Amino acid sequence: AFCKRTTTPTMTARIMLPCLAYLSTTLVLIHGFSSYPDWLEPKMSADFPFEQKFIDVYNGNNKSFIAYYELGPSDSEDVLILLHGVPTWGYYWRNVAPLISEQVPSLRIIVPDLVGFGRSGKPDGDYRMGFQAAYLKSFLDEMNLDKVYWFGHDWGGILGHLLAGENPERFHAFGAYEAMFKPFESYSDLPPSLEGHFRLGRSPEGQALFPEVDLYLLGMFDELPHLSVPGPEHDYYSEPFPTYEKGWIASATLGNDSPLGGEPADNQERYMAAYENLRVEVEAERVKMFIISHNPGWNMPVERIPIFKEDYPKLEVVDNGYAHHFVNEERPRSIARIVGEWMVRLLN
């Protein structure tokens, strides 16, 4: 078990027992296998052959930098942003982005790392939703990206949704998968795979664990038993986060900052204002909106899709069948194909 391999003999039951309790919430998602089941695509490359660039970004008077890599023609006016979630970075798109580029050669694809994640800067700050949104908007400004197509996973979708609602004039279209679009009203509304995860992560006991154990990375690799620990994928995902202070503090903070049951109140108010504004924009077809659904999924279980469709009648939904949360590591070819086909429809 990954928990056992990432905790040390010196760690007490105070660490191990909550760690195992956390895993019990993620294991609801996993149907254990010793060989590849039919739904799991053959594993793709673990290599990261991209040369990242760096650009300064701003949050008020505070300065940091964002790391990113690009594919396709740099002068193309058709720009697709692919944004990762928690606890990953641009490495998450390493196999998907090139396949999309092959399908749509005219498309400029940009894959950034959130501030605090990957090889982007790790400045002082609270690493909450507003902190990340400010630096992302600055990224669009500094890259001179007036209008973009956006596709995100997890928090890459939540932040894209927020920015599209607040700045619809800068979005041709917005898409995502496994993003918690509409906040759950209470813990009891969460699917079983999420309730324990959120209760522990947001509790004082869970927060006390984060300086010693990266719970989100731990849960990720327990959901992906076909990836070896230790192994190249684990090394790449861990590399930018050597310590709590220099990495997974961002993951620990942002991962617990999505609105849930009306809290945090500031995020709930801001996010829902953007949500309602984006509804108007999508209904008027000034912004196109698209999601990929999976069963069982995690943040976006299939039973939530009718709620989104009721709020966004012109939302396009594509069912990608069986998968969990980190689908780029389970079914990268299908994600690339669906996103590529979406971009072809939008551009033609």
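Points to keep in mind about this one:
- Translational diffusion of the range 196-348, µm² s⁻¹ [Kirkwood Rh, Cα pairs; Stokes-Einstein; 37 °C; 0.692 mPa s]: 182
- Element breakdown for the range 38-80 at a 1.4 angstrom probe: carbon and sulfur atoms account for 44% of the accessible area.
- Surface per residue (accessible, 1.4 Å probe) for the chain, Å²: 39
- Relative to the current alpha-carbon distance between Phe54 and Glu310, full extension at 0.36 nm per residue lengthens the span by 88.1 nm.
- Given their separation in residues at 0.36 nm each and the Cα-Cα distance between them, Asp126 and Glu285 gain 53.7 nm when the chain is fully extended.
- In the chain, a dipole from Cβ-located charges (positive for Lys and Arg, negative for Asp and Glu) runs towards its positive end, and of Pro225, Leu215, Gly152 it is Pro225 whose Cα lies farthest in that direction.
- Alpha-carbon centroid distance for the pair the range 161-240 / the range 308-343, whole angstrom: 17
- The relative contact order of the range 191-334, computed from alpha carbon pairs under 8 Å that lie at least 6 residues apart in sequence, is 20 percent.
- Computed extension length for Asp75-Glu263: 63.5 nm, one decimal, from 0.36 nm per residue of separation with the Cα-Cα distance subtracted.
- Under the criterion of Cα pairs below 8 Å and six or more residues apart, the relative contact order for the chain equals 22 percent.
- With every protein chain in place, the range 146-236: carbon and sulfur % of accessible area (1.4 Å): 51
- Accessible surface for Lys53 stands near 90 Å², nearest 10, in the context of the full protein assembly shown (1.4 Å probe).
- Most positive-pole-ward Cα, His324, Ser251, Pro264, against dipole of the range 209-348 from beta carbon charges: His324
- For the chain, size of Cβ-based charge dipole, Lys and Arg +1, Asp and Glu -1, in debye: 340
The values are calculated or read from the model by the stated rules, or taken from the named source; none is laboratory data. Remember, predicted model here, so these are calculated numbers, not experimental data. Neighbour counts are summed over all protein chains in view; Cβ atoms, including those assigned to glycine, are modelled from backbone coordinates with ideal geometry. To get the accessible areas, we keep the full protein, side chains included, count just its heavy atoms, and leave off ligands, DNA and RNA. Shrake-Rupley method; radii C 1.70, N 1.55, O 1.52, S 1.80 Å.
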